[in-house]
Amino acid sequence: MFSRHLYIATLFAIFLSLSPAYGADATGSVDIGIVYQELEGFGASGAHYENWLVAHPLKNEIYDVIFGQLGLDIYRIRNTHEILPEYIDRTAQIIQAAELSLGHPVKIMINSGSPPAYLKSNGDTKAGTLKKDDYGNYMYTEYAQWWMASLAEYSSHGINVDYVSMQNEPDYLNVKWDTCKFTPTETEEWAGYNLAFEAFYQELNSQMPELPKLLAPETMGFGGSQEYIDALIDANHVYGFAHHLYSDGFYYNPDSFILDMQIYASKYGYKPLLQTECSGTDDHLYYIGVMALVRHMHNSLVHEGVCAYLYWDLFWGFWEGDAGGLVTIDFPWDEDPGYIINKTYYAFKQYSAFTDPGWRRVEASTDSSDLRITAFTNPDVNELSIVIINVSDAGINLTLPLKNFTPNSSGVYRTSETESTAYVGTFDELQPLLLPAESITTISLTGSPLPENCAGVQVAGFSLISDISGDCYVNYTDLDILTDYWLDENCNEPDDCQGANINEQGSVNLVDFSIFTSLWLQCNNPEDANCAPNW
């Protein structure tokens with residue numbers, strides 16, 4: 001008997017240790033009536049290994065994975081005009097495939113790692129700065145003309161760009177890949193970003209009937225971007241301020257960026273802010289990288305208020321230990337080439353697949369320090385997506401009421417160490433939502449916004465049938481109108497005797513009166529706490 005009890009107790013202990021614990025309770029709220037920034041989208045880069053992708057025997061599958069299934073909004077590419085022309089051909093193929101997969105155009109963002117060697121101080125696309133002419137002046141005009149010619153060539157391949165960033169990471173110098181250093185203002189040693197950007201703007205503005213959205217300065221981090229922004233000759237020539245997330249804190253402690261993000265947003269948030277490149281070195285290898293990624297996404301959206309968030313490598317090669325990307329592709333000429341969808345892909349998808357450009361971030365909060373929550377609505381406010389990150393090592397039960405929104409359908413999707421954007425059920429405001437440890441959960445809802453005032457009640461079609469005056473009250477005002485038309489037999493559309501013909505049968509009589517009295521002294525004004533909502 002003793003041994004059997006011990007055996008059962010041991011099994012039960014093992015069961016408890018393996019089962020997720022949901023001991024903690026939390027509450028939160030989402031209010032679509034409080035609106036923040038408008039999204040321009042989630043994106044990623046196709047800067048390298050594009051030759052592997054277009055040659056891959058499974059390329060059509062991969063295109064659907066990285067574009068259609070991911071819901072990618074922005075595809076970021078390199079300017080290789082006069083450097084690597086074949087890149088442009090391959091990129092055109094990829095963009096065409098992306099649009100077929102998505103069913104609509106994808107936004108294109110382009111930047112330059114370096115201008116051609118003939119425009120470089122060291123005669124090389126790696127390292128260096130702009131070249132000086134025979135008179136000792138940096139070749140800003142020639143650089144701007146190269147950019148104009150670049151956009152014309154891309155356009156001739158069917159690539160019409162939406163965003164242009166003149167120089168990728170102008171504050172970073174590297175001899176291993178294409179870079180070109182600019183300092184905020186000109187020095188004897190380095191070309192000035194402010195002068196280069198102004199020449200770039202003037203050239204494009206004089207040659208193009210409609211400018212793409214010009215971004216600056218796309219530095220290594222938002223902290224380093226401030227000197228560049230402050231030095232701009234005319235900030236009105238910039239659409240938005242762009243930066244990366246490599247130099248403002250410890251990547252695997254995303255919250256170390258928050259305070260500086262808030263300061264940056266307060267100073268430069270008068271223009272759209274875009275985070276255009278970020279990834280950790282081991283994002284795809286270890287789950288800590290997955291959680292770091294989504295926490296950076298959350299912090300950038302909430303504390304900085306970015307309108308766009310871009311991951312670095314959308315796809316990358318897997319060869320001789322060189323692997324990475326949201327999707328890793330094998331060398332296409334291997335005996336049996338394949339591809340791997342990394343866990344980072346699914347974490348990123350929790351945001352990208354459930355929002356679109358034009359959606360707005362709305363108020364969302366919880367009372368738990370272990371949860372991070374964001375929410376977004378579409379322009380018609382009939383779709384709502386809520387993303388919740390549980391950063392703790394224990395499960396949490398979250399009760400999440402929705403303010404000013406009535407759902408009519410829902411789906412809950414989750415990524416964790418064992419799940420990959422898996423459908424896990426539907427959402428019920430009255431039931432706690434189970435959030436496993438270190439998980440990312442997206443609630444996707446369709447529904448309708450709740451009216452905020454009486455005018456909204458009328459527009460949304462929630463009027464009380466007896467509210468003849470349309471003021472959201474059934475009272476003597478309505479009775480006076482009914483009395484004025486009592487027994488009138490010529491009440492027809494569109495006026496229906498100011499609405500006194502309630503049953504729309506052409507006359508005002510006891511039938512209308514009976515309907516009217518059934519709601520006597522009732523009201524549905526959202527701004528009056530004494531009124532009962534009927535939606």
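The values are calculated or read from the model by the stated rules, or taken from the named source; none is laboratory data. Predicted model, so just to flag it, every value in this text is computed and none were measured. Virtual Cβ from ideal backbone geometry, glycine too; neighbours counted across all protein chains shown.
See the values below:
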read-out: Of all residues in the range 50-107 being acidic (Asp, Glu) and under 25 Å from Ala152 (Cα atoms), the one that is surrounded by the most Cβ atoms within 10 Å (Cβ to Cβ); value: Asp73
read-out: Per-region count, the range 506-534, residues surrounded by 14 or more Cβ atoms within 10 Å (Cβ to Cβ) and not β-branched (Val, Ile, Thr); value: 13
read-out: Candidates Asn397, Asn408 - the one that is part of a strand (DSSP E or B) and loosely packed, with under 15 Cβ neighbours inside 10 Å; value: Asn408
read-out: Yes/no for Lys267 being basic (Lys, Arg), touching a helix residue (DSSP H, G or I) at 6+ places or on another chain (Cβ under 8 Å) and in a loop (DSSP other than H, G, I, E, B); value: no
read-out: Where a residue in the range 306-329 is outside the structural domain of Ile62 (by TED's automatic domain parsing) and assigned to a strand (DSSP E or B) and its partner, wherever it lies, is surrounded by fewer than 22 Cβ atoms within 10 Å (Cβ to Cβ) and modelled with pLDDT under 95, with Cβ under 8 Å and at least six apart; value: none
read-out: Residues within the range 82-117 that are polar (S, T, N, Q) and assigned to a loop (DSSP other than H, G, I, E, B), tallied; value: 2
read-out: Total residues in the range 506-516, condition among the hydroxyl-bearing types (Ser, Thr, Tyr) and either more than 18 Å from Ser463 (Cα to Cα) or in contact (Cβ under 8 Å) with a residue 12 or more places away in the chain (or both); value: 1
read-out: Selected residue [among the aliphatic types (A, V, I, L, M), assigned to a helix (DSSP H, G or I) and modelled with pLDDT of 95 or more] from Ile66, Ile14, Ile77; value: Ile66
read-out: Residue check, Asp380 at pLDDT 95 or above, of a type in the set (Asp, Glu) and surrounded by fewer than 17 Cβ atoms within 10 Å (Cβ to Cβ); value: no
read-out: Lone qualifier among Thr399, Thr421, Thr415 - being farther than 20 Å from Asp370 by Cα, touching a strand residue (DSSP E or B) at 6+ places or on another chain (Cβ under 9 Å) and not small (Gly, Ala, Ser); value: Thr421
read-out: Members of the range 367-394 found to be closer than 20 Å to Met297 by Cβ, in contact with a Phe, Trp or Tyr (Cβ under 8 Å, 6 or more places away or on another chain) and part of a loop (DSSP other than H, G, I, E, B), listed by number; value: Asn378
read-out: Residues being β-branched (Val, Ile, Thr) and under 9 Å from the mean Cα position of the chain (by Cα) - total across the range 351-373; value: 1
read-out: Residue that is surrounded by the fewest Cβ atoms within 10 Å (Cβ to Cβ), among those in the range 278-304 that are of a type in the set (Asp, Glu) and under 15 Å from Tyr345 (Cα atoms); value: Asp282
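Residue-by-condition table, conditions (1) aliphatic (A, V, I, L, M); (2) in contact with a strand residue (DSSP E or B) (Cβ under 8 Å, 6 or more places away or on another chain); (3) not in a helix (DSSP H, G or I):
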site	(1), (2), (3)
Leu215	yes, yes, yes
Gly223	no, no, no
Phe257	no, no, no
Leu285	yes, no, yes
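Yes/no per residue for (1) in contact (Cβ under 8 Å) with a residue 12 or more places away in the chain; (2) under 22 Å from Glu277 (Cα atoms); (3) among the polar types (S, T, N, Q):
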site: Thr125; (1), (2), (3): yes, yes, yes
site: Met139; (1), (2), (3): yes, no, no
site: Ala144; (1), (2), (3): yes, no, no
site: Ser156; (1), (2), (3): no, no, yes
site: Ile159; (1), (2), (3): yes, yes, no
site: Val164; (1), (2), (3): yes, yes, no
site: Leu173; (1), (2), (3): yes, yes, no
site: Glu189; (1), (2), (3): yes, no, no
